[in-house]
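Take a look at the structure below.
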Amino acid sequence: MVDALCRQASRLNIHTRYLHGSIVAYAERLLATVDAPLSRTLFCCTGTEANELALRIARTATGGTGIIVTDYSYHGNSQALAEVTTGLPVSEPFAAHARAITLPDPYHRAPGMSAEDHVAAHVDQFRQMLASFHDNGVKPAALLFDTIFSTEGLIDVPVDYVRQIVDLTREAGALVIADEVQPGFGRMGDHFWGYKRYGIIPDIVTLGKPMGNGHPVSAVITRPDLADPFGEQSLYFNTFAGNPVSAEVAAAVLDVIEQEGLIDRAAVTGNHLKDGLRHLAGRHAAIGDVRGRGLFTAIELVADRESKAPHPAAGAIVNAMRDEGVLMSRTGPANNVLKIRPPLAFGIDEAEVLLTALDAVLTRMGHRNV
Ligand SMILES: Cc1ncc(COP(=O)(O)O)c(C=O)c1O
């Protein structure tokens, strides 16, 4: 990737007003990874820009303004996205044209409630939310969701729920935007894109973070019937987006994913890690739940397994892990879900380092053993 960057940077870099072979070649490779009829891509530099552009396309296509997000989500740092953010502190009030839906969370399902009833109750809430748009004279434009529900706490949202709310969104005349900024490019270990798990084809997909492996490049992928009318009405120009250097870097990322079999590797390493964490849960009562897909793993830390109340020392555990040389973060409404998203080069040996360090930290911090 670094070679590709240096090679192209020493040859030529231009903005995208001029078409360049590297950009076209990369666009074609990228589009080969998604499902028909997704066949147009627009390049940006950050996930925020990609989501902003996706909202503009959705609003242009639907004539609506309403945005549905999931509660405790994050999609970017612009004003339009801050106004729909409940996952991080923001100074902007939550927008009157937006709604934040509560997700079904199997780990916190009420005792005695069946999985089916749990999903049905949340689908019902979704219907009521759509009705509230109608009652307030707001036409919905888009449902925007992260397909791994990362900031929300990596909730294991039932597939059936996602399918149903996608259908309801479309019935209401709005579009479905899959935010793949965190789950995309194979991290899930089963598919290239997180949306695949739900058997849906979004109207718009937004990409970022792993696309350039640290280099700032992002994209929107959508259908021609959405992209083309938008392009006729709006001249989308972005000085740095998808320039030839970024395109060569992003192409090198695809090369590495393919050549090193990183998707399979994410599955194998992720399963090893989760098995190890479940084993640790047998010794440390603070580990309430272990979940995730591929190399995106979450550990919900609880004060006690009965009440599932948030563990108060999650932040201290993250810092103690940093002192052991293992970087992780925390997320979720109560900030008690450890979020483990290593680089895809992470292998079994590194997973073992993590497991040993976590075992030592939990033991040292004196968390009640099971
Ligand atoms: C799901 C999701 N979408 C969008 C963004 C915004 O991306 P960026 O920071 O590149 O603007 C983030 C960043 O953390 C994210 O997690």
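The values are calculated or read from the model by the stated rules, or taken from the named source; none is laboratory data. Only a predicted model underlies this, so the values are computations on that prediction, with no experimental measurement involved. Neighbour counts are summed over all protein chains in view; Cβ atoms, including those assigned to glycine, are modelled from backbone coordinates with ideal geometry. Ligands, DNA and RNA are stripped out before the accessible areas are found, and what is left, the full protein with its side chains, is counted by its heavy atoms. Shrake-Rupley method; radii C 1.70, N 1.55, O 1.52, S 1.80 Å.
Dipole of the chain, Cα-centred, from +1 at each Lys and Arg C-beta and -1 at each Asp and Glu C-beta, to the nearest 20 debye?
Working: 32 positive and 42 negative charges, 70 e Å.
I would put it at about 340 debye.
Working only with C-alpha atoms, what are the Rg and Dmax values of the chain, expressed in angstrom?
21.1, 65
Based on DSSP H runs of at least 4 residues, each adding -39500 (n - 2.57), what is the mean residue ellipticity at 222 nm of the chain after dividing by all its residues, to the nearest 500 deg cm²/dmol?
Values: 11 runs with 148 residues, N = 370.
It lands at -13000 deg cm²/dmol.
Within 10 Å, Cβ to Cβ, of Asp146, how many net charges do the neighbouring residues add up to if Lys/Arg are +1 and Asp/Glu are -1? List each step's numbers first, then the result.
Working: positive: none; negative: Glu152, Asp179, Glu180.
Around Asp146, the surrounding residues sum to -3.
Can you tell me, using C-alpha contacts under 8 Å and at least 6 residues apart, the relative contact order of segment 133-214 as a whole percent? It would help to have the intermediate numbers written out before the result.
Values: 110 pairs, mean separation 25.4, N = 82.
Answer for segment 133-214 is 31 percent.
Quick one: accessible surface of Tyr236, probe radius 1.4 Å, all protein chains present, in square angstrom to the nearest 10.
Roll a 1.4 Å probe over it and Tyr236 shows about 70 Å².
Please tell me which of these pairs span more than 25 angstrom C-alpha to C-alpha: Lys274/Lys308; Lys139/Lys339; Lys139/Lys209; Lys308/Lys339? If you can, show how the numbers build up before the last one.
Working: Lys274/Lys308 20 Å; Lys139/Lys339 35 Å; Lys139/Lys209 31 Å; Lys308/Lys339 18 Å.
Beyond 25 Å between Cα atoms: Lys139/Lys339; Lys139/Lys209.
Taking K and R as +1 and D and E as -1, what net charge do the other residues with C-beta under 11 Å from the C-beta of Asp255 add up to? Walk me through the numbers on the way to the answer.
Numbers: positive: Arg29; negative: Asp3, Glu248, Glu258, Glu260.
The answer is -3.
If you roll a 1.4 Å probe over the chain with all protein chains in place, what percent of the accessible area is carbon or sulfur? Intermediate values should be presented prior to the final figure.
Numbers: 8270 of 15940 Å².
C and S fraction of accessible area: 52 percent.
Is segment 321-370 best put as rounded, prolate or oblate by its Cα gyration tensor, with a ≥ b ≥ c the root eigenvalues, rounded for a/c under 1.5, and otherwise prolate when a/b is larger than b/c, oblate when not?
Details: a/c = 2.15, a/b = 1.17, b/c = 1.83.
Cα axes put segment 321-370 in the oblate bin.
Counting only heavy atoms of the protein chains, get the accessible area per residue of the chain (1.4 Å probe) and round it to a whole Å² value. Working shown, then result.
Values: 15940 Å² over 370 residues.
Counting only protein heavy atoms, the per-residue value for the chain is 43 Å².
Could you state how much accessible area Asp160 has, in square angstrom rounded to the nearest 10, with a 1.4 Å probe and all protein chains kept in place?
So the heavy atoms of Asp160 present about 80 Å² to solvent.
Based on DSSP, what percent of beta bridges with both residues in the chain are antiparallel, to the nearest 5?
Values: 24 of 39 bridges.
Of the beta bridges lying entirely in the chain, close to 60 percent run antiparallel.
Between Arg11 and Ala345, what's the calculated FRET efficiency when r is the beta-carbon distance and R0 is 35 Å? Round to 0.05. Before the final figure, lay out each step's value.
Working: r = 28 Å, r/R0 = 0.79.
Calculated value: 0.80.
Among His279, His272, what's the order by accessible area (1.4 angstrom probe), most exposed first?
Values: His279 130, His272 60 Å².
Final ranking, largest accessible area leading: His279, His272.
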